[in-house]
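The structure appears right after this line, and notes come after that.
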């Protein structure tokens, strides 16, 4: 997993078990495993969202998970619409927002890669 930096907060993710999809009709799948580093003090949840940088208007969804100091989010913590470009490789970006108890964003991190 290759973390991407944002204000000391970084994430990495692993898509090695993702079923290949190139039909343009994403599958609803369990989330990948995420590594978290430098999560700010006061974080109570992490909001994770996926964006296709080649088609940013498409909503792949994501999820919000409770955070209690763990260095990772396990695979399958939430469901989302998988990457599934119909016309070659697209670049996808996971965004993680570290949220405090009031829902305020304390820090944001992103990690991206091409698929398939």
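If you take the residues of segment 76-92 that are in contact with a strand residue (DSSP E or B) (Cβ under 9 Å, 6 or more places away or on another chain) and surrounded by fewer than 16 Cβ atoms within 10 Å (Cβ to Cβ), which of them is farthest from residue 33 (Cα to Cα)?
For segment 76-92, the residue satisfying everything is 89.
Can you tell me how many residues within segment 16-70 are in a strand (DSSP E or B) and over 16 Å from the mean Cα position of the chain (by Cα)?
Summing the residues that are in a strand (DSSP E or B) and over 16 Å from the mean Cα position of the chain (by Cα) in segment 16-70 gives 0.
Output the number of residues of segment 31-62 satisfying the condition of being crowded, with 17+ Cβ neighbours inside 10 Å and out of contact with any strand residue (DSSP E or B) (no Cβ under 9 Å at 6 or more places or on another chain).
Selection size over segment 31-62: 0.
Among what's in segment 15-28 and is in contact with a strand residue (DSSP E or B) (Cβ under 8 Å, 6 or more places away or on another chain) and touching a residue at least 60 places away in the same chain (Cβ under 8 Å), pick the residue that is nearest to residue 39 (Cα to Cα).
Among residues in segment 15-28 that are in contact with a strand residue (DSSP E or B) (Cβ under 8 Å, 6 or more places away or on another chain) and touching a residue at least 60 places away in the same chain (Cβ under 8 Å), the one nearest to residue 39 (Cα to Cα) is 15.
Go through segment 88-116 and give me each residue that's touching a residue at least 24 places away in the same chain (Cβ under 8 Å) and assigned to a loop (DSSP other than H, G, I, E, B).
Once the filter is applied, which keeps residues that are touching a residue at least 24 places away in the same chain (Cβ under 8 Å) and assigned to a loop (DSSP other than H, G, I, E, B), segment 88-116 yields 89, 100, 101, 116.
Test each condition in (1) touching a residue at least 12 places away in the same chain (Cβ under 8 Å); (2) more than 19 Å from residue 9 (Cα to Cα); (3) in a loop (DSSP other than H, G, I, E, B) for residue 80 and report the one that comes out false.
(3)
Values quoted throughout were computed directly from the atomic coordinates according to the rules given, and no laboratory measurement underlies them. From a predicted model like this one, the values you see are computed outputs, not experimental measurements. Quick reminder, even Gly has a Cβ in these numbers, built from the backbone with ideal geometry, and neighbours come from all protein chains shown.
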